[in-house]
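The values are calculated or read from the model by the stated rules, or taken from the named source; none is laboratory data. Only a predicted model underlies this, so the values are computations on that prediction, with no experimental measurement involved. Don't worry about glycine lacking a Cβ; one is built from the backbone with ideal geometry, like all the others, and counts go over all protein chains shown. When the accessible area is computed, the model is the full protein with side chains, heavy atoms only, and any ligands, DNA or RNA have been set aside. Shrake-Rupley method; radii C 1.70, N 1.55, O 1.52, S 1.80 Å.
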Amino acid sequence: MRHIRWFGLTVMIFATLAMAQGFPEKVFEKNGVSYVSGGVGVDSEERLKAREKEFNLKLVFTLVEGNYLADVAVAIKDGGGKTVIEHVADGPFFMAKLPAGTYAVSAVYEGKTQTRKVAVRDGRLRTEYLHWPSNPKQDLPVSRWLEPEEQQKEKAGPKPRG
């Protein structure tokens, strides 16, 4: 009976440690091409950054103002037009290990598509930044958080020196 308690306690400790480590991002593989997405939160971003050397294409999704985006639909086609990857990104970063060559990358966020031609090589990470305009009905600019008095100061600009 004593051994069962120790075993149960050991399992609980390891489960707690695993949860504290966070859940690693899942690497998918299709037709010999591996890819991963994520980056929501500092821990996820750091885990992905540590794995960059495993991939040769990195896509970064943001609003024009710099806010990170998730739920971006990614499609990558090879030079012959064959779809190599279709994936909805779990965060602002998407990385893939593709055979060297030229690819058409399409990314869709809120119905707006961006397309890029990218050339990737083995052993070298190619990074592409894709930016979308913000939606004023949905995205909250910082100035909305300011009190009316602070907004007036912001509009007036800096005071002249004198």
Next item on the list: Identify the single condition in (1) open to solvent by 10 Å² or more (accessible area, probe 1.4 Å); (2) within 13 Å of the chain's Cα centre (by Cα) that V72 does not satisfy, given that it satisfies every other one.
Entry: (1)
Notebook entry, point to check: Hey, any hits in region 87-94 for a residue that's modelled with pLDDT of 95 or more and either exposed (fewer than 10 other Cβ atoms within 10 Å of the Cβ) or aromatic (F, W, Y) (or both)?
Noted result: yes
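Within region 95-112, can you find the residues that are out of contact with any Ser or Thr (no Cβ under 8 Å at 6 or more places or on another chain) and open to solvent by less than 10 Å² (accessible area, probe 1.4 Å)? I'd like the intermediate steps shown before the answer.
First, pick out the residues of region 95-112 that are out of contact with any Ser or Thr (no Cβ under 8 Å at 6 or more places or on another chain): 98-103, 108-112.
Passing the criteria: only L98.
V36: among the aliphatic types (A, V, I, L, M), touching a helix residue (DSSP H, G or I) at 6+ places or on another chain (Cβ under 8 Å) and either open to solvent by 30 Å² or more (accessible area, probe 1.4 Å) or modelled with pLDDT of 90 or more (or both), yes or no? Can you show your working first?
Numbers: among the aliphatic types (A, V, I, L, M): yes; touching a helix residue (DSSP H, G or I) at 6+ places or on another chain (Cβ under 8 Å): yes; either open to solvent by 30 Å² or more (accessible area, probe 1.4 Å) or modelled with pLDDT of 90 or more (or both): yes.
Against the criterion (among the aliphatic types (A, V, I, L, M), touching a helix residue (DSSP H, G or I) at 6+ places or on another chain (Cβ under 8 Å) and either open to solvent by 30 Å² or more (accessible area, probe 1.4 Å) or modelled with pLDDT of 90 or more (or both)), V36 qualifies.
Quick one: how many residues across region 116-130 are open to solvent by less than 90 Å² (accessible area, probe 1.4 Å) and either of a type outside the set (A, V, I, L, M) or modelled with pLDDT under 60 (or both)?
Step one: of region 116-130, the residues open to solvent by less than 90 Å² (accessible area, probe 1.4 Å) are 116, 118-120, 123, 125-128, 130.
When the remaining residues are screened for being either of a type outside the set (A, V, I, L, M) or modelled with pLDDT under 60 (or both), the result is 116, 123, 126-128.
The number of residues fulfilling the criteria is 5.
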